[in-house]
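Comments concern the structure below.
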Amino acid sequence: ERAKWPKETFELWERLSKKEANDVETIQKSIVRHVTTTLARAAFNLDNFSAYQAVALSTRDRLISRWNETQGQMSRADPKRIYYLSLEFLLGRSMDNALLNMGLKETYGKSIRQLGFNMEDVIESEVDAALGNGGLGRLAACYMDSLATLDYPAWGYGLRYNYGIFQQRIIDGYQTEYPDYWLNFDNPWELPRLDISITVGFGGHVQTTQDEYGQTRHNWVPGTNVQAVAYDVPVPGYDTENCNNIRLWRSKPTKVFDLTSFNEGNYEKSVEDATNAEKITSVLYPNDNTMAGKELRLKQQYFWTAASLHDILRRFKKSMREWSDFPDQVAIQLNDTHPTLAIVELQRLLVDQEMLSWDDAWDIVTKTFAFTNHTVLPEAMEKWSVPMFEYLLPRHLQIIFDINLFFLQKVEKMFPNDRGLLNRMSIIEEAQPQQIRMAHLAVVGSHKVNGVAALHSNLIKTTIFHDFVTYYGEDKFVNKTNGITPRRWLHQANPQLSALISQTLGGDKWLKDLSLLKGLNDKTEDAVFRQRWAEIKRANKVRLAELIKTRCDVEVSPDALFDVQVKRIHEYKRQFMNILYVIHRYRTIKSMSAAQKASVQPRVVIFGGKAAPGYYIAKLVIKLINSVAKVVNQDPAVGDLLKVVFVPDYNVSVAEVIVPASDISQHISTAGTEASGTSNMKFVLNGGIIIGTLDGANIEILEEIGEENIFIFGCMAHEVEDLRHAQRYRGVPMDPALQGVISAIERGTFEDPKIFQPLISTLTVGKDFYLISADFASYIAANQQVDAAYKKQADWIKKSIRCTANMGKFSSDRSVKEYADEIWNVKPVSVVDEGYMAK
Ligand code: NBY
């Protein structure tokens, strides 16, 4: 249609779509316009939240013009694109990040101040986008930031849940869950694309026919359909015009489908069917590292992968290329096994609809996909029951059985007569009922499989994927150590430290090349610099103390050592061991004379994290922490020497306050259980020191910062098996200090001991799966070393500086570049500012 426009019309559009300027006056005008027209409010009754909304809308305008420019230029250049499929994007707040990345924070700050508002209050009004559980979801968010910053043409695909991860409140010491209806006040950070709507089928049956060449053709006729509607979330890069996209799908009923029931005269059924369609994207499943096996979750996974692939194929088809070019245009990364159905869906589309041969299609599929594994825990491995799967996705089940058949035939050829091997490697587990092993499907359907830290990537090769390494060879299995974005996790969360670093290094280049932090190593002997460094840490601790006062009603001294463990509550992460040590410390202090107490290092032990609502033992750990806190915090014999707090509702924005304020943080999982960890990186980047085990990325952090700057304890991953065996069959007695702690709990020092019996039972000799007893003595010793080191403040600050200075490796820019070069084979495409809102 536009082709028919006369020249004047074109020119009018061009003139009027010039970008808005970024001076204070123009920005203020745009804020005021949003207040008065979009929000229809008057200046005299404007609260912080409304001010936030208007500033957000003004920021959004600028985001969208970059987004338009990027998407337009990318369409024209049509480079190979990365598609990051993740069921979770744990973005947190957007405004501060968007303003910093676009270089507009200062101007907006000034604009807001003159309008009578304060930037910090406005920022605080934003609710978190919490569409994720923990590390996996936050990793996706950090990777999206780096992809945009490095100018990679990348799209994220996910689901637009109506309810994010539940809100946690602590009632009588217990976790209680509340729905996180985050869209209540509208979401300015998304663009609804109601015109982009894709039909996704479920159920039904498969028609089998012969084509004119005598080939068998399969045609899936779904029983019901739902619509996937696109919501786009712009992701601006830092210090670049590039602005990428996360496309989140929302489920809606199809018109046709509710009309069917309606025309059959069943109005109620038609409304019920419509409600069922909307249910698909209603809620994020709140489990991390455990598999629940719910039908609705499988529906989510198919709904999302089908809509995303349809979208990707549509974009590819516009280029009029051959199907064999597909892997040169498209790289799809599977964030865990959750999107593994995409492998099956692409094979189905190529074979059933595009009429490619099975082998040609499979060649394209395996060149397109790569798979990231995030865990070795058996309870986290995704499996779907075959009968349930068949009912929802009958054609996909046939394809999975065929993939498996052809795969096992090849295995059999290479390793004849090994039934055990075939059973172990099969995509189908022969249980009652049969189960589909999604991790095996993901490995078979991908050209690269990666773990998320060096230790973890080695572990998967010797444990869960051992047979697959034997079959495919080593090259398919690679390591991509996780990373974090220094923009959010230092520049945004710790603005004072960021400013000091820029001042010291003579600029902010380090924010795009984190290895430049090495320059700080020269400053450890500079007493003035150390003083500044210490002042900033203290200011961050004051801010955290205020948050603790507000949220927990406990007063803590910023002069005490702040000891932090914040992460999802899980047995393998051993928050239980931490609180048991706190009890030990409490008992030790109680037994001291006044003179002895005078030399005790005061500590504030800070916990935070959510337990999956159905995870009984994890929830009991929260209860124990709160019971201990209650007793310890009120005990005059202890006073300020020990405080314990559980910060409720830990999330990304709370992390942004906690991370810069820690002196030491705890990353104390049983060796071999934490795939990587990413908060460990965040703490150390902010000059926090780790007490931790030789697990996940702790090992690589140690290698970078040096063993004198980290407190390591506990057994090593290769010793775990023997320790468990010894404990089970040789009855190794419980650690005596631990025994003392358990007795104190059992004597009722902290509420009714009956409450905690199931928790204590997990430590029964021979059953202590996470080896708390085996590691307890060395944990106590490491804690004593922490106390002693903290007392030498000058040396401590030197350690802290060295920590930050040597964390360059853990920028997600490094991770993403490794993926791009070694897995995706994609190159950056820089967007040029043509000065228009859209082309
Ligand atoms: O992924 C975490 C790992 O535990 C951590 O070590 C690693 O640093 C991080 C990023 O690689 N895994 C994780 O967060 N997993 C989940 O949140 C999760 C969520 C859902 C399900 C499984 C795992 N699920 O099956 O539903």
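The values are calculated or read from the model by the stated rules, or taken from the named source; none is laboratory data. On a predicted model such as this, the values are computed, not experimentally measured, just so you know. Note: ideal-geometry Cβ built from the backbone for every residue, glycine included; neighbour counts use all protein chains shown.
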Among strands (runs of 3 or more DSSP E) entirely inside region 366-482, those with 3 or more residues being of a type outside the set (D, E, K, R) and under 30 Å from Gln329 (Cβ atoms) are 369-372, 448-451, 477-479
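Per-residue answers, yes or no, for (1) of a type in the set (D, E, K, R); (2) crowded, with 19+ Cβ neighbours inside 10 Å; (3) modelled with pLDDT of 95 or more:
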position: Ser197; (1), (2), (3): no, no, yes
position: His205; (1), (2), (3): no, no, yes
position: Glu212; (1), (2), (3): yes, no, no
position: Pro222; (1), (2), (3): no, no, yes
position: Asn225; (1), (2), (3): no, no, yes
position: Pro236; (1), (2), (3): no, yes, yes
position: Thr240; (1), (2), (3): no, yes, yes
position: Ile246; (1), (2), (3): no, yes, yes
position: Lys252; (1), (2), (3): yes, no, yes
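Would you list the helices (runs of 4 or more DSSP H) that sit entirely within region 104-192 and hold 1 or more residues that are outside the structural domain of Lys573 (by TED's automatic domain parsing), under 18 Å from Phe49 (Cα atoms) and away from the ligand (no atom under 16 Å from the Cβ)? Break it down into steps so the answer makes sense when it comes.
Numbers: elements: 105-114, 119-124, 135-149.
The qualifying helices (runs of 4 or more DSSP H) are 105-114, 119-124.
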Output for Cβ contacts, cut-off 6 Å, separation at least six or different chains, first residue closer than 22 Å to Asp752 by Cα in region 168-182, second among the hydrophobic types (A, V, I, L, M, F, W, C) and outside any strand (DSSP E or B), reads Gln175/Ala611; Gln175/Ile622
Restricted to region 317-362 and to residues being in a strand (DSSP E or B) and more than 16 Å from the ligand (Cβ to nearest atom), the residue surrounded by the most Cβ atoms within 10 Å (Cβ to Cβ) is Ile332
Filtering helices (runs of 4 or more DSSP H) wholly in region 689-782 for at least 1 residues that are among the small types (Gly, Ala, Ser) gives 717-729, 736-746, 757-761
Listed by first then second residue, the pairs whose first member lies in region 277-299 and is assigned by TED's automatic domain parsing to the domain that holds Leu159, whose partner is surrounded by fewer than 18 Cβ atoms within 10 Å (Cβ to Cβ) and of a type in the set (Asp, Glu), with beta carbons under 7 Å and at least 6 positions apart or on separate chains, are Thr290/Glu379; Met291/Glu379
For region 669-689, pairs from a residue that is assigned by TED's automatic domain parsing to the domain that holds Val659 and of a type in the set (Asp, Glu) to a residue that is at pLDDT 95 or above and assigned to a loop (DSSP other than H, G, I, E, B), with Cβ under 7 Å and 6 or more apart or across chains, are Glu674/Asp695; Glu674/Gly696
Among (1) under 23 Å from Ala661 (Cβ atoms); (2) away from the ligand (no atom under 11 Å from the Cβ), Glu700 falls short only on (1)
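In this structure, is Glu525 in a loop (DSSP other than H, G, I, E, B), modelled with pLDDT of 95 or more, farther than 25 Å from Val605 by Cα and assigned by TED's automatic domain parsing to the domain that holds Val657? Lay out the reasoning, then the answer.
Details: in a loop (DSSP other than H, G, I, E, B): yes; modelled with pLDDT of 95 or more: yes; farther than 25 Å from Val605 by Cα: yes; assigned by TED's automatic domain parsing to the domain that holds Val657: yes.
Here the answer is yes, as Glu525 does meet what is asked.
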Counting only residues in region 512-557 that are within 19 Å of Gln634 (Cα to Cα) and touching a strand residue (DSSP E or B) at 6+ places or on another chain (Cβ under 9 Å), the one surrounded by the most Cβ atoms within 10 Å (Cβ to Cβ) is identified as Val556
Residues in region 445-461 that are more than 12 Å from the ligand (Cβ to nearest atom) and either under 12 Å from Leu694 (Cβ atoms) or buried (at least 24 other Cβ atoms within 10 Å of the Cβ) (or both) total 5
Pairs returned, first residue in region 442-465 that is under 25 Å from Asn404 (Cα atoms), second residue that is within 13 Å of the ligand (Cβ to nearest atom) and hydroxyl-bearing (Ser, Thr, Tyr), beta-carbon separation under 6 angstrom, 6 or more apart or interchain, are Ala442/Thr337; Ala442/Thr340; Asn450/Thr372; Gly451/Ser457
Can Thr37 be described as assigned by TED's automatic domain parsing to the domain that holds Arg66, modelled with pLDDT of 95 or more, surrounded by fewer than 12 Cβ atoms within 10 Å (Cβ to Cβ) and farther than 14 Å from Leu115 by Cα? yes
Condition set touching a helix residue (DSSP H, G or I) at 6+ places or on another chain (Cβ under 8 Å) and of a type in the set (Asp, Glu), scope region 462-482, selection surrounded by the fewest Cβ atoms within 10 Å (Cβ to Cβ): answer is Glu474
In region 86-111, anything crowded, with 23+ Cβ neighbours inside 10 Å and more than 24 Å from Trp489 (Cβ to Cβ) is listed as Ser111
Q) Quick check: anything in region 363-370 within 16 Å of the ligand (Cβ to nearest atom), surrounded by 21 or more Cβ atoms within 10 Å (Cβ to Cβ) and within 27 Å of the chain's Cα centre (by Cα)? A) yes
Only one of Glu429, Glu412 is away from the ligand (no atom under 16 Å from the Cβ), more than 26 Å from Ser676 (Cα to Cα) and in contact (Cβ under 8 Å) with a residue 40 or more places away in the chain, namely Glu429
Apart from one, (1) away from the ligand (no atom under 14 Å from the Cβ); (2) modelled with pLDDT of 95 or more; (3) surrounded by fewer than 24 Cβ atoms within 10 Å (Cβ to Cβ) all hold for Val644; the odd one out is (3)
Restricting region 86-97 to residues that are in contact with a Ser or Thr (Cβ under 7 Å, 6 or more places away or on another chain) and away from the ligand (no atom under 16 Å from the Cβ), the one farthest from Ser446 (Cα to Cα) turns out to be Met95
Exercise. Do we find a residue being farther than 21 Å from Tyr572 by Cα and either crowded, with 18+ Cβ neighbours inside 10 Å or basic (Lys, Arg) (or both) anywhere in region 664-683?
Worked result: no
Within region 277-309, restricting to residues that are over 20 Å from the mean Cα position of the chain (by Cα) and outside any helix (DSSP H, G or I), the one that is farthest from the ligand (Cβ to nearest atom) is Ile280
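Would you say Asp768 is of a type outside the set (Gly, Ala, Ser), surrounded by fewer than 19 Cβ atoms within 10 Å (Cβ to Cβ) and over 22 Å from Met807 (Cα atoms)?
Values: of a type outside the set (Gly, Ala, Ser): yes; surrounded by fewer than 19 Cβ atoms within 10 Å (Cβ to Cβ): no; over 22 Å from Met807 (Cα atoms): yes.
Considered against the rule, which asks whether it is of a type outside the set (Gly, Ala, Ser), surrounded by fewer than 19 Cβ atoms within 10 Å (Cβ to Cβ) and over 22 Å from Met807 (Cα atoms), Asp768 comes out as no.
Please tell me if Ile589 is in the same structural domain as Ser662 (by TED's automatic domain parsing), buried (at least 23 other Cβ atoms within 10 Å of the Cβ), assigned to a helix (DSSP H, G or I) and at negative phi. Walk me through it before giving the result.
Numbers: in the same structural domain as Ser662 (by TED's automatic domain parsing): yes; buried (at least 23 other Cβ atoms within 10 Å of the Cβ): no; assigned to a helix (DSSP H, G or I): yes; at negative phi: yes.
So Ile589 fails the test.
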Output for Cβ contacts, cut-off 9 Å, separation at least six or different chains, first residue without any contact (Cβ under 8 Å) to a residue 60 or more places away in the chain and assigned by TED's automatic domain parsing to the domain that holds Pro394 in region 198-209, second polar (S, T, N, Q) and outside any strand (DSSP E or B), reads Thr199/Thr254
Worksheet item: Before we move on, is Tyr83 modelled with pLDDT of 95 or more, more than 16 Å from the ligand (Cβ to nearest atom) and in the same structural domain as His374 (by TED's automatic domain parsing)?
Response: yes
